[in-house]
Amino acid sequence: MTRRLACRSVLAALLALVEAVGRAEAGEILTYRYTTDSVIMGEAVSGSFQVDSSHIHNVINTDISDFIINLSFTGGDLTFAPSSFGPLNVTVTPMGHLTLGSGSSIFEGTDSSNTSRLTVNAAAMSDQRYDVISASSGDPVSLGTGRWTRTGLTLPAVPEPSTFVLAGVGGLGLLVLARRRSSKLASRFVSENEPQSVRFGTGVSYASPSRAAHDPVPFLKNTPYALAHF
């Protein structure tokens with residue numbers, strides 16, 4: 001039972017370590033900007049948002065939708081603000097690049113007057129489509145492709161998750177070896193310190209001088225041979 005509890009403690013500590021090192025330093029703000037590269041019809045659009053890098057895990061991809069701040073997009077005379085326009089499963093890699101996550105990875109919503117609806121893809125940093133349609137009729141208003149750029153700190157490269165798995169397995173192995181060694185030493189200590197006796201005749205036992213210190217009779221402690229009757 002004790003060994004099982006110790007293993008659980010080690011696992012909990014390893015998970016806490018992975019979680020701690022799996023975060024970038026807090027306080028660094030990343031800014032993402034979208035610019036139009038090609039206009040198929042209508043107006044070009046542009047926009048930007050920011051995110052605190054402390055929310056970006058540097059081991060696995062992160063959905064940053066809940067952490068996006070200062071989001072704003074414009075297209076011609078249209079302004080798309082967070083009150084009616086926002087992210088949907090916008091995901092970044094550990095290096096901070098936009099990528100396709102578990103959902104749509106888009107920004108979507110209407111302008112402040114609710115006349116047009118904008119959708120901007122954010123599943124990658126380049127070749128991302130945008131389109132604006134009329135909120136009333138559903139007719140296309142603008143259409144094209146653009147790219148995202150990121151400014152801010154450069155997120156560090158990190159070990160693969162398998163590195164932490166190997167470290168955890170190694171730690172558990174060392175724990176088991178240490179406990180086995182401790183158990184063997186304890187058994188050896190008990191064995192070496194047990195009173196040794198040689199029986200001569202009936203009811204008389206002569207203890208070895210090296211064990212005299214362990215004799216429960218104080219005045220026989222320093223005698224060459226401790227004589228004790230049963």
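The values are calculated or read from the model by the stated rules, or taken from the named source; none is laboratory data. Model, not experiment: these values are computed from the prediction. Note that each Cβ is placed from the backbone with ideal geometry, even for glycine, and that neighbours are counted across all protein chains shown.
Side notes on the structure shown:
Yes/no matrix, rows are residues, columns are (1) modelled with pLDDT under 95; (2) closer than 17 Å to residue 35 by Cα:
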{"residue": "102", "(1), (2)": "yes, no"}
{"residue": "106", "(1), (2)": "no, yes"}
{"residue": "112", "(1), (2)": "yes, no"}
{"residue": "116", "(1), (2)": "no, no"}
{"residue": "126", "(1), (2)": "no, yes"}
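- Selection status of residue 52, under 19 Å from the mean Cα position of the chain (by Cα) and modelled with pLDDT of 95 or more: yes
For (1) of a type outside the set (A, V, I, L, M, F, W, C); (2) in a loop (DSSP other than H, G, I, E, B); (3) under 30 Å from residue 139 (Cβ atoms), each residue gets a yes or a no:
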residue	(1), (2), (3)
32	yes, no, yes
35	yes, no, yes
38	yes, no, yes
48	yes, no, yes
72	yes, no, yes
95	no, yes, no
104	yes, yes, yes
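- Of residues in segment 131-165 being within 27 Å of residue 54 (Cα to Cα) and of a type in the set (A, V, I, L, M, F, W, C), the one modelled with the highest pLDDT: 148
- Among residues of segment 133-151 that are farther than 17 Å from residue 100 by Cα, those with a Cβ under 6 angstrom from a residue that is at pLDDT 95 or above and among the acidic types (Asp, Glu), sequence gap 6+ or separate chain, pair up as 142/43; 143/131.
- Residues (charged (D, E, K, R), outside any strand (DSSP E or B) and surrounded by fewer than 19 Cβ atoms within 10 Å (Cβ to Cβ)) located in segment 106-152: 127, 139
- Hey, residue 23 loosely packed, with under 13 Cβ neighbours inside 10 Å and at pLDDT below 65 or not: no
- Top-ranked residue of segment 75-91 - restricted to ones that are among the aliphatic types (A, V, I, L, M) and assigned to a strand (DSSP E or B), ranked as farthest from the chain's Cα centre (by Cα): 78
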